[in-house]
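Below you'll find the structure, written out as structure tokens, and then a few comments.
The values are calculated or read from the model by the stated rules, or taken from the named source; none is laboratory data. As the structure is a prediction and not an experimental result, all values here were calculated from the model. Don't worry about glycine lacking a Cβ; one is built from the backbone with ideal geometry, like all the others, and counts go over all protein chains shown.
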Amino acid sequence: MARSLVSVRQISRLQPLEDSAFLLAHVDGWTCAMKQGTAKVGDYILFFEIDSFLPVEDHRFLSLGRSNASNGNLILWNGRYGFHVKSTKQQGTVVSQGLIMPLNIFPEIAKVVAELKEANDTEDALQKLMGIPFENHLKVLKWEQGTAAVKVTKKDDSLGKPPTFFPKTDINRVQNCPNLFTKKYKDAVFQESVKLDGSAATIYFVCRDTAWYESLPALDGRADMPQGRFGVCSRKLDLPDKPDCLFWKTALHYRLPQKLSALGKNLAISGELCGASIGQNREGFATGKHDFFVYRIFDIDAHAVLGPRETEQRAKQLGLKHVPVNGYYRLHDIAASREGLLQRAEGVGMFGKPREGLVYKNVNDGRCFKVISNAYLVENGE
Ligand code: ATP
Ligand code: MN
């Protein structure tokens, strides 16, 4: 499921916060501080997830953003002033995440509601409304850390966007998965892996004489092989083969052009590139060290991800490391609720530093969700 940053949701519960003008509102799996009087239990509100960036060129954000406890200060980001919605502690302990605004100040949403109501009965209209991502309507952006692993300044540092024949590697947050602790998932088994905090990379190979190969622009050099085309992408870009590109260096170190062309399959292998010079090096790699950890293998022809066990095996066969796997569990055996998973997410990563969190992958369909450690979010101002 695509992530939506801004959506209409319903308040399920309100809790007082002592000596405060704020209440704690429960919205799906989220807990969010909200100014008293903004909304009641059962009300539909507009919810902005953490990592929303609200530009204050829209004055509704200027006036309302400031009055919300979980919203921090005005910042300058990518040349614009706005609010970065993040996780904050309330009264030293309770974590508040996101931002709640009443619906009635957004005529653009009222318009959508009116259209939906015309075409559906009220219940259907509400369900549909809650499925609509509103970030584009409101010009809300996804905030991202300023320090990218590869700083792309010149045009020849990129071949454009990654090919469209494999999907992005975004993962939904546990807070947005309402059914995990219902009967539906009673016996479902998930792989639990540690979420590494580096940079997403996808390495692909497509054979000659396929539509995939034809869809790519012609290239010289190592990318164009007798058997097909080899490519290396960061999250956002298809990267050219350059001596100082860490993504390419890693792929060549593992001899992936040779191995994948010998395999002769149309595959996209995604993993986390972590290391001393990547991002904030939150895993704590030693100076000069970096490595690549597979978390997804996508079969381009079948248009499907391999199951988690097969992904582990294939990575091994290719001589690649896999992200650390804690085990395979029935969710209902390791936790009683999403809160229990959030507690499990707290812990240390590969080298003993506080970890970003955990990722759970369903063994049946490979679908996954992430559980980010609240301690990590608060610590890193996200
Ligand atoms: P950001 O884009 O700021 O790094 P994020 O890592 O949470 O945020 P998401 O797209 O929500 O981004 O999460 C999925 C990403 O998590 C993947 O693209 C991958 O880079 C990374 N990742 C790290 N460890 C794992 C893991 N064990 N399993 C799956 N994905 C992982
Ligand atoms: Mn990440």
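I'd like the full set of residues that are touching a residue at least 60 places away in the same chain (Cβ under 8 Å) and touching a helix residue (DSSP H, G or I) at 6+ places or on another chain (Cβ under 6 Å), limited to the range 342-362.
Glu356, Gly357, Leu358, Lys361
Collect the residues in the range 173-195 that are more than 11 Å from ligand 1 (Cβ to nearest atom) and assigned to a strand (DSSP E or B), keeping them in residue-number order.
Val189, Phe190
Go through His322, His290 for me and flag whichever is of a type outside the set (D, E, K, R) and over 21 Å from the mean Cα position of the chain (by Cα).
Answer to the check: His290.
Of the residues in the range 1-23, how many are of a type outside the set (S, T, N, Q), over 16 Å from Met130 (Cα atoms) and at pLDDT below 95?
7
Any idea how many residues of the range 171-185 are farther than 19 Å from Met130 by Cβ and either in contact with a strand residue (DSSP E or B) (Cβ under 8 Å, 6 or more places away or on another chain) or of a type in the set (Asp, Glu) (or both)?
1
Can you name the strands (runs of 3 or more DSSP E) wholly within the range 318-382 that have at least 2 residues being within 14 Å of ligand 1 (Cβ to nearest atom) and surrounded by fewer than 19 Cβ atoms within 10 Å (Cβ to Cβ)?
325-330
Is there a residue being within 15 Å of ligand 1 (Cβ to nearest atom), of a type in the set (A, V, I, L, M) and outside the structural domain of Asp28 (by TED's automatic domain parsing) anywhere in the range 272-283?
Checking the range 272-283: at least one residue is within 15 Å of ligand 1 (Cβ to nearest atom), of a type in the set (A, V, I, L, M) and outside the structural domain of Asp28 (by TED's automatic domain parsing).
Is it fair to say Leu239 is in the same structural domain as Cys368 (by TED's automatic domain parsing), more than 16 Å from ligand 2 (Cβ to nearest atom), farther than 30 Å from Tyr329 by Cβ and surrounded by fewer than 18 Cβ atoms within 10 Å (Cβ to Cβ)?
no
Name the single residue that is nearest to ligand 1 (Cβ to nearest atom) among those in the range 211-244 being hydroxyl-bearing (Ser, Thr, Tyr) and farther than 17 Å from Pro257 by Cβ.
Ser234
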